[in-house]
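Structure record follows, encoded as structure tokens.
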Amino acid sequence: AFGDDPGRKQVIIKRNSKFATCIQGGSGKSYTTLLICISASGKFLPPYIIYRAHRLFDVWIPRNGFLSSRYNATSSGWNEEPVFFDWLCNHFVPAVKTVKKPMVLLMDGYHSHLSTRIIKYSMDHGIHLECLPPHTTNILQPLDVLTLSKMK
């Protein structure tokens, strides 16, 4: 999760951008969660961003953000089962429709990833869910160890 305090001096922009062309105020809330998915071949999905709020406001969606990014909100700012199900159905599955099945989706064992409907939906779409062992993501979770460690 990322703090979204508008008083901070660091910003997140596209790597190839020379300047931040648009200033977006924070949601005024404490945390923003980013769901990131990268394939073994190095291809990545646009981010799925979860704000801490009871509803998502249009002003929180950047006009110049990554194409096909999706946004949502939860009362905690963390990933919750309905949001992960939305990510799976409306973000992940459409993005991998041309990939040969079955496939493996490797993730941490966070409880929001493992509901009955998520498991059934995944099975119906040829996706095998594999969870990393508990309390090992700080050393085993590929994106946390390699890619996101600089941001945490």
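If you check Glu80 against the conditions, is it under 22 Å from Tyr31 (Cβ atoms) and not aliphatic (A, V, I, L, M)?
Values: under 22 Å from Tyr31 (Cβ atoms): yes; not aliphatic (A, V, I, L, M): yes.
Yes.
If I go through the range 91-115 residue by residue, how many of them are closer than 26 Å to Thr32 by Cα, loosely packed, with under 13 Cβ neighbours inside 10 Å and either at pLDDT 95 or above or among the hydroxyl-bearing types (Ser, Thr, Tyr) (or both)? Please lay out each step first, then the result.
Narrowing the range 91-115 to residues closer than 26 Å to Thr32 by Cα: 91-96, 105-115.
Next cut, loosely packed, with under 13 Cβ neighbours inside 10 Å only: 94, 111.
If we keep only those that are either at pLDDT 95 or above or among the hydroxyl-bearing types (Ser, Thr, Tyr) (or both) too, we end up with 94.
So the count comes out to 1.
If only one of Glu130, Glu80 is of a type in the set (D, E, K, R), surrounded by 15 or more Cβ atoms within 10 Å (Cβ to Cβ), under 18 Å from Leu35 (Cα atoms) and modelled with pLDDT of 80 or more, which one is it? Steps first, answer last, please.
Numbers: Glu130 fails: surrounded by 15 or more Cβ atoms within 10 Å (Cβ to Cβ).
On inspection, the qualifying residue turns out to be Glu80.
Tell me, which residue of the range 31-60 that is farther than 29 Å from Thr98 by Cβ and surrounded by 15 or more Cβ atoms within 10 Å (Cβ to Cβ) is modelled with the lowest pLDDT? Break it down into steps so the answer makes sense when it comes.
Keep residues of the range 31-60 that are farther than 29 Å from Thr98 by Cβ, which gives 31-32, 51-60.
With the extra rule that they be surrounded by 15 or more Cβ atoms within 10 Å (Cβ to Cβ), the set shrinks to 31-32, 51-53, 56, 60.
On the way: Tyr31: 76, Thr32: 84, Tyr51: 90, Arg52: 88, Ala53: 88, Leu56: 88, Trp60: 84.
So, considering only residues that are farther than 29 Å from Thr98 by Cβ and surrounded by 15 or more Cβ atoms within 10 Å (Cβ to Cβ), the one modelled with the lowest pLDDT is Tyr31.
Can you find even one residue in the range 71-79 that is out of contact with any strand residue (DSSP E or B) (no Cβ under 8 Å at 6 or more places or on another chain), of a type outside the set (Val, Ile, Thr) and within 30 Å of Arg15 (Cα to Cα)? Reasoning before the result, please.
Looking only at the range 71-79, we keep the residues that are out of contact with any strand residue (DSSP E or B) (no Cβ under 8 Å at 6 or more places or on another chain), and these are none.
No, the conditions are met nowhere in the range 71-79.
Do you know which residues across the range 85-100 are of a type in the set (Phe, Trp, Tyr) and out of contact with any strand residue (DSSP E or B) (no Cβ under 8 Å at 6 or more places or on another chain)? Explain how you work it out, then say what you get.
Going residue by residue through the range 85-100, those that are of a type in the set (Phe, Trp, Tyr) are 85, 87, 92.
If the condition is that a residue be of a type in the set (Phe, Trp, Tyr) and out of contact with any strand residue (DSSP E or B) (no Cβ under 8 Å at 6 or more places or on another chain), then Phe85 is the only one that fits.
The values are calculated or read from the model by the stated rules, or taken from the named source; none is laboratory data. Since the structure is predicted, the reported quantities are computational estimates derived from the model, not experimental observations. Methodologically, a virtual Cβ is constructed for each residue, glycine included, from the backbone with ideal geometry; neighbour enumeration extends over all protein chains shown.
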